[in-house]
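The values are calculated or read from the model by the stated rules, or taken from the named source; none is laboratory data. Not measured: the values here are computed from a predicted model. Don't worry about glycine lacking a Cβ; one is built from the backbone with ideal geometry, like all the others, and counts go over all protein chains shown.
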Amino acid sequence: MGGFFGAASRRECIDDVFFGTDYHSHLGTRIGGMAAYSTDIGLQRVIHHIVNSPFRTKFEHIFDEMHGNSAIGCISDSDPQPLLIRSRLGTYAICMTGVINNAEELLSRCFSKSGEHFDAMTGGAVNSVELTAALINQKTNFVDGIKYAQELIVGTASILILRDDGSIIAARDKVGRLPVIIGKRDDAYCVSFESFAFLKLGYETVRELGPGEIVSVTADRVETLSPPGEEMRICAFLWSYYGYPTSNYEGVNVETMRYRNGRIIARHDAELGNASDIDYVSGVPDSGTPHAIGYANESRVPFARPFIKYTPTWPSSFMPPTQVERDRVAKMKQIPVHELIQNKKLLFVDDSIVRGTQLRETVEFLYENGAKEVHMRSACPPIMFGCKYLNFSRATSDMELIARRVIMELEGREGFDHIDEYSDGSTERGKRLRKAICEKLHLSSLEFQTLDGIVEAIGLDSCKLCTYCWNGKE
């Protein structure tokens with residue numbers, strides 16, 4: 001995934017962009033970068049790898065390295081950015097969030113232009129931000145260039161550009177899968193992926209950009225350069241998993257959505273008479289916890305934390321580059337509270353079940369520490385399709401997904417013609433899927449939130465939500 005933050009101010013704004021960008025650290029773990037513009041120096045750019053260090057530690061000297069009244073920053077899980085580009089549109093800094101799935105096709109298109117070339121990375125890959133800039137530069141102005149790039153890109157591209165006059169151009173992706181939000185202070189405007197990132201800096205929310213909307217941002221105003229489109233497909237997984245609890249997307253807060261979601265799951269369990277004699281309801285920390293609080297409040301079963309994640313020194317479990325390292329870090333972080341585990345029937349709510357590897361380790365850890373039963377509830381439907389729109393937890397193959405693997409084991413490829421039935425826990429296929437996953441993960445019971453349930457918890461029309469990872473519908 002990744003996120004960005006930019007500000008245009010009547011005073012030095014490096015501190016705003018430093019803190020605003022740092023507040024996006026939960027969205028990416030590989031690259032951090034900042035670019036600034038000042039009238040005496042022009043455009044400046046600093047990029048650091050942040051795999052083993054937080055953004056703030058790598059950029060703590062940024063106040064000595066750059067200055068300016070306009071700046072942008074980004075956290076990225078993909079390519080180094082922002083990049084400095086010199087073209088017929090001028091010199092500018094650019095960063096983006098999203099993913100390009102047809103990069104080779106677009107490279108061929110660019111190579112057909114006389115003299116076009118790119119800086120190749122290890123293995124011959126091309127930086128997706130540089131490719132996006134090359135597409136933009138084929139037009140005579142930024143607005144036409146951004147729209148041209150977004151139309152050609154198969155995937156998603158929200159774009160932030162810092163120009164050599166100090167203005168910022170912000171463009172939300174064409175169907176609004178990701179948020180872009182404008183904030184205002186007396187002396188500045190800012191642009192942010194996360195709504196909470198600017199509130200502690202004294203800004204207040206002005207509005208969210210609409211799908212495909214392009215704006216120009218200066219210290220004094222925000223001007224719409226291209227109006228929003230009608231179609232929206234904002235990612236529903238923002239609320240279920242990777243959105244920060246204090247974030248708001250399309251007016252819906254992440255934390256309160258998760259409480260509602262847990263309540264809906266609990267009501268569904270009550271209707272079916274599932275897991276009626278549980279000792280404690282718990283969340284798989286951290287993002288599963290608010291879903292579990294909602295479940296506990298609705299079911300009136302006590303909420304407890306049978307194990308605590310040791311976070312002072314260990315990074316987030318998705319940070320290491322390999323699955324083996326991620327699993328080991330996740331295991332090392334789990335510290336049990338024996339009094340809350342031994343001889344207890346526990347029901348956990350997790351934000352999602354993707355590959356199932358870490359969850360299996362967690363369940364084994366609970367049984368090793370004396371749990372009598374371990375029941376699991378997923379806060380979203382079974383994940384059946386790897387995301388092709390966002391560069392976050394993207395499966396290189398759908399067969400990495402535990403639901404897909406189980407369907408293959410149960411019925412072979414013919415089972416993929418019945419994805420809807422396997423997703424539905426009331427059908428025979430759905431029951432077989434849940435039973436098989438229970439056996440693999442050693443669970444006492446398993447259920448998933450329904451698609452209707454998660455849509456209800458979010459509170460937006462289903463036609464405005466991207467639910468591709470669950471039902472494959474674009």
_Any residue at all in region 111-124 that's at pLDDT below 95, within 22 Å of the chain's Cα centre (by Cα) and assigned to a helix (DSSP H, G or I)?_
no
*All but one of (1) surrounded by fewer than 18 Cβ atoms within 10 Å (Cβ to Cβ); (2) part of a strand (DSSP E or B) hold for residue 160, so report the exception by its number.*
(1)
*Name the one entry in 222, 217, 129 that is out of contact with any Ser or Thr (no Cβ under 6 Å at 6 or more places or on another chain), touching a residue at least 60 places away in the same chain (Cβ under 8 Å) and aliphatic (A, V, I, L, M).*
217
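One line per residue, one yes/no per condition, for (1) closer than 25 Å to residue 451 by Cα; (2) modelled with pLDDT under 95; (3) outside the structural domain of residue 368 (by TED's automatic domain parsing); (4) among the polar types (S, T, N, Q):
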| residue | (1), (2), (3), (4) |
| --- | --- |
| 260 | yes, no, no, no |
| 272 | yes, yes, no, no |
| 285 | yes, yes, no, no |
| 300 | yes, no, no, no |
| 304 | no, no, no, no |
| 316 | no, yes, no, yes |
*asked:* If I go through region 323-343 residue by residue, how many of them are crowded, with 21+ Cβ neighbours inside 10 Å and modelled with pLDDT of 95 or more?
replied: 1
*at pLDDT below 95 and in contact with a helix residue (DSSP H, G or I) (Cβ under 8 Å, 6 or more places away or on another chain), is that true of residue 59?*
yes
*Index of the failed condition, residue 386 passing every other in (1) among the small types (Gly, Ala, Ser); (2) in contact (Cβ under 8 Å) with a residue 24 or more places away in the chain; (3) over 27 Å from residue 193 (Cβ atoms); (4) surrounded by fewer than 22 Cβ atoms within 10 Å (Cβ to Cβ)*: (3)
*So which residues in region 397-425 are outside any helix (DSSP H, G or I), free of Cβ contacts under 8 Å to residues at least 40 places away in the same chain and within 18 Å of residue 471 (Cβ to Cβ), if there are any at all?*
424, 425
_Residue under evaluation residue 67, criteria (1) over 20 Å from residue 153 (Cα atoms); (2) outside any loop (DSSP other than H, G, I, E, B), criterion not met_ = (2)
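In region 415-460, how many are among the polar types (S, T, N, Q) and surrounded by 19 or more Cβ atoms within 10 Å (Cβ to Cβ)?
Initially, region 415-460 is screened for residues among the polar types (S, T, N, Q), giving 423, 426-427, 444-445, 449-450.
Then keep just the ones that are surrounded by 19 or more Cβ atoms within 10 Å (Cβ to Cβ); that gives 423, 449-450.
Residues that pass the stated criteria total 3.
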_residue 431 vs. criteria within 19 Å of the chain's Cα centre (by Cα) and not hydrophobic (A, V, I, L, M, F, W, C)_ = no
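Hey, among 390, 366, 433, which residue is in a loop (DSSP other than H, G, I, E, B), of a type outside the set (D, E, K, R) and in the same structural domain as residue 285 (by TED's automatic domain parsing)?
Numbers: 366 fails: in a loop (DSSP other than H, G, I, E, B); 433 fails: in a loop (DSSP other than H, G, I, E, B).
That would be 390, the only listed residue that is in a loop (DSSP other than H, G, I, E, B), of a type outside the set (D, E, K, R) and in the same structural domain as residue 285 (by TED's automatic domain parsing).
Every residue, every condition in (1) under 22 Å from the mean Cα position of the chain (by Cα); (2) among the aromatic types (Phe, Trp, Tyr); (3) farther than 30 Å from residue 451 by Cα, yes or no:
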| site | (1), (2), (3) |
| --- | --- |
| 172 | yes, no, no |
| 175 | yes, no, no |
| 205 | yes, no, yes |
| 237 | yes, yes, no |
